[in-house]
Amino acid sequence: MFTPATESFIKQAREIQEDELQRFYGRVSKHLLQSPKEGGEVVDSLQRLHLIVSATKYVRTLPPDFSKKLQTLLCSPSCPEQFQILSSAILRESLPLSLHSLSSELSQDSRTLSYMASVILSQAGSKEDLLPLCQHLLKSLDSRQPRGSGYQTHTSYSLQDLQLLSKLANTQHPVNLVSRKLADWLRYASVHQGASMSSGGIFHQSQNTSGKEQPALMIEVDGAVAGDFFTVLCVGQSYTEDQWMNMYTFSMIRKWLLTYDAEGTSNTESDDRSEVDSSVMSMVSATSSSSRLLPPKERLREKAFEYCHRLIEQSDRKALKRTDAELQKACLVESVAIMDIICSEDASYVYRAFPCIKALYGRLSADLGSARALLPIAQFYLNHSEMAAVDSEAVFCHLFSRFPAELFNEPMLAFEFVQFCLRNVTVLQDKVAIYRHSFPNLLKFLAWNSPGLISEYVELLPSLLAPETAIELLHTLLDLPCLAAALDLQHRSACYPVQDRAVWDQQGSKITASLDAFRQPSYRGLFLYILRPESGTGDTIDRLNTLHKALEGMVESPRVVHCAQIVPVLLHVYFNTVTKMADEKLISQFLMVLLERSSLLYNIKNFSTEVQRVFSMHLQTLCKLHPPLIVDQYKELLDFASTTTSIYSKEHFYTHVVWVIGEYLSVAFDPRCTVELITSFFEGLEAVLFEITQVRQSANPPTYSPHLLTVLMTALAKLASRSQDLIPRASLLLSKMRSFARSGPVTACFSEEDSEEIITRAHELINLLKLPNVAQFVLAPSARGESPRWHRDTNTGLPQRMRAISGLLHNQSSFLPA
Amino acid sequence: MVVCFLIHTVGALSPCESRVLYSRVFGVEEEDEELSGELEPEKRRLARKERLGVVARQVRSAVCLSREASGSVCVEAVLGEEAVALGEAECGVLSLGRGEPFAGPSVALWLGVQAMAFTMVCQPHENLLLAEGTLRNLTRHCLEELRLLGTGSEVLLKSDRVDAMLQRLLPHGQLLFLNNRFAQNLDKELSSYMSK
């Protein structure tokens, strides 16, 4: 592991002085001149040199002749591989650039070429730099000469870099050439086992042959003799070169098909145009018998299709080794994806593909272990089921109702599932009804792994919003940490059986208490609700409080805390999206939810504060959008505003509620706003202000912030200015503020400036209320329609206006009517 | 195709840092071509190193958060217990957006083994099942050949071994569909390389 010794190595490598480094180059140079093939010392110094050049992010420049020596080492096939690797690594990380000199002496030996290519690729700055390499590769691909020694040719890289080639070359020729080779490798690799290396070239005896020396046939992963052409799921003692190429080809065919099929097929310079007219052939391509005559791209498609078909069949066999079983799953994913690409390019393949895919789905749907293989199948259905007139509802039902509920704790599946949703979000939103209804299920992935998936869900959330389920979604988001806690308990409960009490108790007494609650029948309904798979069974439950208490033991669990941290982000996304689509009725309902839930939140540290902050911000937005809201929900608002205890648990939100009341409760916004209504709100707020500003010897110091006081006072003044009978009462209350602010407990608690501000504000308001008509103008809500003039904006303009008026009153009191 | 492979630390140093012990970038960063043609080689290399640092730090936070959430206790395994260490390793995946830090969007697959992480950054739409298998295979080889559970510094000084592994198991960043026999053949070659 990472030790101080390792750290010091890195430091030394970074801080080596230039002269010492030059001496080191010299030493290594000399070593290389001597026989490079012996001496662990040479290897050692090269390894140290590699560390020196790679440990720092600032590039080191080698002396040119030294660089040349390394290049020579790299380019000679007779050099031991270790030297080639080290030279390649050192040249990659340092200057001067070797790519041009290497490009001019490209080797025929495949291993050497591979290491040279890695340097060229890493140093290439433009397409032109790669041209020599690509041309060399193309030439070697075209030639019939056997390449390489021993095992493998590693021309796999050539297959990818030929993609680069075709961007440089303007003809279809390279693409067609490669496509032809790929098709041959895929389909026509030998089915016999290669010469076994250990026995020096003696073929194994096959059981069925008598006397004749015949190479044995390849075997399937379950031990049976291979029945058809060679694929990556065929096993043998050793492999021939074309079989290795078969494996390499399949490994990169998907990328190849994606890159080349995406480009247009028309090209006037192609040599192969004369062979066949592609427009005619595409109609005939449904049958494979005429495949010899197909143009190279179409032929490759055909061969790839057959290969995938065979792989899907081979994946049904029960593999003897675990690596093979895992490979089968990977092959399934790849094959279905390739078939999907082929069908998108050529719709005639859909009819051939669907029976196979449908059968595969039938085989896999019952097995949760194959869940990851079902995602490409679902993608296939999404892309092609309409064309084939196949019903895909069952597939999506299975996907959205089972996977999230039972596999929420698998990080890879969760990621792939969410990526699937993101990729297809428009189609899912419009055409797959169960997608939106399954949001409780879909959120389980997020609840379990909040930090890992939050960025995806920020994008996904708008698609889950529908007017019918908007309120339920809001409640679900607010209870997301509860969901996280419940999932955690469900997971632990499954892992540790009740009988194993010792393990159970080890988890800590708090968690144990919650675990016990999870298992109790009386709480069953609550947990079933929170863990529900589909929406539509009710916006929320009555006994939410009970659920929160039952889950109290989990409030410090890291998973729950992580989840709580992302909820405000989601709420912002939610409100930003929903305000665009919501009608008045829905907005009213939102207000209800905000008021209700502000005190009904899972008790995680800071969670309540953060959520309230979001609520406050969006309360203002909602009211601005639809001011009659205040009158619509006046009962609940009045209740909320008149409850003094609200201050102590949710001061920030309460302050905003009071502000909103003062701002929007007016006839200007809603004709239904009567004098009685204004009076009842006034009385409610008056009572609260009175209660919190009692000046008694035994009174407790204020636990709220001064801001609350100023907002309350201003709101009261605003209401009074709209119903002028209330002005005397307002004035009376405000006049008490001075003595309150000067009282002992208050001066101890609030700062000097804050106390002054309270007194000044009270004074200004009293003065303002002496002139009711002026007050009405000053304290009136801002005009509809934004204009960026600060003196008109209510928030910023009001203090200024009031000061101005106060000033006027002071200076020119004799000129104004009494 | 795999964009890069990293071995880096998680946990030993200060909260934000992750020391990259081995890194290998594959292929050409195609989408960067308009930019990279104008930059000098030094700046290109510097940018590349910094990008790798960004990935390492992001994976480090992901590993730490994942370990915190699962509450798993790290049992220190020693040399010889590589299979145990691998069995207890956490696996995870996170997506890297456009420009964060590579030009195109990519997916970082990670395996956290005690105080180290092995990260493989793939292009989007890669076969993640195959990538996961390959990553585990590579990690197993690294743990064994570089003696990472011990106190030595082979990871720095014997990095050619990792290059040899990558040459066979992930040639130029290409993920391979290896059945047990192909894998065995490659393992045999690797052991003959290591024994020299």
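Checking the conditions here, which among A:Ala748, A:Ala730, A:Ala741, A:Ala762 is surrounded by 20 or more Cβ atoms within 10 Å (Cβ to Cβ), among the aliphatic types (A, V, I, L, M) and over 23 Å from A:Tyr664 (Cα atoms)?
The conditions single out A:Ala741.
So which residues in the stretch A:1-54 are away from chain B (no Cβ under 14 Å), in contact (Cβ under 8 Å) with a residue 40 or more places away in the chain and farther than 23 Å from B:Lys196 by Cα?
Result: A:Gln22, A:Tyr25.
Can you tell me which residue among B:Leu138, B:Leu186, B:Leu130, B:Leu166 is within 19 Å of A:Glu81 (Cα to Cα), part of a helix (DSSP H, G or I) and in contact (Cβ under 8 Å) with a residue 40 or more places away in the chain?
B:Leu166
With the condition kept exactly as written, say whether any residue in the stretch B:114-127 is touching a strand residue (DSSP E or B) at 6+ places or on another chain (Cβ under 8 Å), at the interface with chain A (Cβ under 7 Å from one of its Cβ atoms) and under 24 Å from A:Leu375 (Cβ atoms).
Looking for residues that are touching a strand residue (DSSP E or B) at 6+ places or on another chain (Cβ under 8 Å), at the interface with chain A (Cβ under 7 Å from one of its Cβ atoms) and under 24 Å from A:Leu375 (Cβ atoms), one finds none in the stretch B:114-127, hence no.
Checking B:Lys188 against (1) within 26 Å of B:His8 (Cβ to Cβ); (2) more than 7 Å from chain A (Cβ to nearest Cβ), which single condition isn't satisfied?
(1)
Among the residues of the stretch A:381-401, is there at least one that is at pLDDT below 95, under 18 Å from the mean Cα position of the chain (by Cα) and not assigned by the TED database to the domain that holds A:Glu472?
There is no residue in the stretch A:381-401 that is at pLDDT below 95, under 18 Å from the mean Cα position of the chain (by Cα) and not assigned by the TED database to the domain that holds A:Glu472.
If A:Thr703 satisfies all but one of (1) assigned to a helix (DSSP H, G or I); (2) under 53 Å from the mean Cα position of the chain (by Cα), what's the number of the condition it fails?
(1)
Filter the helices (runs of 4 or more DSSP H) completely within the stretch A:434-542 down to those with at least 2 residues that are hydroxyl-bearing (Ser, Thr, Tyr) and buried (at least 18 other Cβ atoms within 10 Å of the Cβ).
A:450-464
Could you run through the stretch B:150-160 and say how many residues are more than 7 Å from chain A (Cβ to nearest Cβ) and crowded, with 22+ Cβ neighbours inside 10 Å?
Result for the stretch B:150-160: 1.
Of all residues in the stretch B:81-100 being part of a loop (DSSP other than H, G, I, E, B) and surrounded by 12 or more Cβ atoms within 10 Å (Cβ to Cβ), which is farthest from the other protein chains (Cβ to nearest Cβ)?
The qualifying residue farthest from the other protein chains (Cβ to nearest Cβ) is B:Glu88.
Among the residues of the stretch A:313-339 satisfying the criterion of being farther than 14 Å from B:Phe177 by Cβ and in contact (Cβ under 8 Å) with a residue 24 or more places away in the chain, which is surrounded by the fewest Cβ atoms within 10 Å (Cβ to Cβ)?
Filtering first and then ranking leaves A:Lys318.
Applying the selection to the stretch A:94-106, what residues are crowded, with 20+ Cβ neighbours inside 10 Å and assigned to a helix (DSSP H, G or I)?
The answer is A:Leu99, A:Leu102, A:Ser103.
Go through the residues of the stretch A:206-219 one by one and say whether even a single one is at positive phi, out of contact with any Phe, Trp or Tyr (no Cβ under 6 Å at 6 or more places or on another chain) and at pLDDT 85 or above.
No: the stretch A:206-219 contains no residue that is at positive phi, out of contact with any Phe, Trp or Tyr (no Cβ under 6 Å at 6 or more places or on another chain) and at pLDDT 85 or above.
Could you figure out which of (1) within 10 Å of chain B (Cβ to nearest Cβ); (2) within 41 Å of the chain's Cα centre (by Cα); (3) surrounded by 18 or more Cβ atoms within 10 Å (Cβ to Cβ) isn't true of A:Leu91?
A:Leu91 satisfies every listed condition except (1).
Return the total of residues in the stretch A:586-611 being assigned to a loop (DSSP other than H, G, I, E, B) and not aromatic (Phe, Trp, Tyr).
Total satisfying the criteria: 8.
Which residues, taken from the stretch A:7-31, are polar (S, T, N, Q), more than 17 Å from A:Asp44 (Cβ to Cβ) and in a helix (DSSP H, G or I)?
A:Ser8, A:Gln22 - these are the residues of the stretch A:7-31 that are polar (S, T, N, Q), more than 17 Å from A:Asp44 (Cβ to Cβ) and in a helix (DSSP H, G or I).
Would a scan of the stretch B:110-126 turn up a residue that is modelled with pLDDT of 90 or more, buried (at least 20 other Cβ atoms within 10 Å of the Cβ) and farther than 26 Å from A:Ile10 by Cα?
The answer is yes; a qualifying residue exists.
Inside the stretch B:1-50, can you point out the residues that are over 19 Å from B:Leu156 (Cα atoms), at pLDDT 80 or above, touching a Gly at 6+ places or on another chain (Cβ under 8 Å) and in a loop (DSSP other than H, G, I, E, B)?
Selection gives B:Met1, B:Phe26.
Out of curiosity, is A:Arg423 of a type in the set (Lys, Arg), more than 10 Å from chain B (Cβ to nearest Cβ) and out of contact with any strand residue (DSSP E or B) (no Cβ under 7 Å at 6 or more places or on another chain)?
No, not satisfied.
If I filter the stretch B:171-196 down to residues being hydrophobic (A, V, I, L, M, F, W, C) and at pLDDT 90 or above, which single residue comes out as nearest to B:Pro124 (Cα to Cα)?
Once the filter is applied, the top-ranked residue is B:Leu175.
Can you pull out the residues in the stretch A:116-131 that are closer than 28 Å to B:Leu169 by Cβ and either more than 8 Å from chain B (Cβ to nearest Cβ) or surrounded by fewer than 20 Cβ atoms within 10 Å (Cβ to Cβ) (or both)?
A:Met116, A:Val119, A:Ile120, A:Asp129
Taking only pairs six or more apart or across chains, which ones have beta-carbon atoms under 8 Å, a first residue in the stretch B:60-71 that is within 7 Å of another protein chain (Cβ to nearest Cβ), and a second residue that is aromatic (Phe, Trp, Tyr)?
That search, which allows pairs on different chains as well, returns B:Ala62/B:Trp110.
I want to confirm something. Restricting to the stretch A:664-673 and keeping residues that are surrounded by fewer than 23 Cβ atoms within 10 Å (Cβ to Cβ) and in contact (Cβ under 8 Å) with a residue 24 or more places away in the chain, which single residue is farthest from A:Leu765 (Cα to Cα)?
The extreme case among them is A:Arg672.
Could we say that A:Ser735 is more than 30 Å from A:Val667 (Cα to Cα), of a type in the set (Gly, Ala, Ser) and surrounded by fewer than 22 Cβ atoms within 10 Å (Cβ to Cβ) here?
Answer is no for this residue.
Can you name the residue in the stretch A:306-323 that is under 32 Å from the mean Cα position of the chain (by Cα) and away from chain B (no Cβ under 11 Å) and is also nearest to A:Lys358 (Cα to Cα) among such residues?
Only one residue tops the list, namely A:Ile312.
The values are calculated or read from the model by the stated rules, or taken from the named source; none is laboratory data. Please read all numbers here as calculations on a predicted model, not as lab measurements. When we count neighbours, we look across all protein chains shown, and the Cβ atoms used for this are built from the backbone with ideal geometry, even at glycine.
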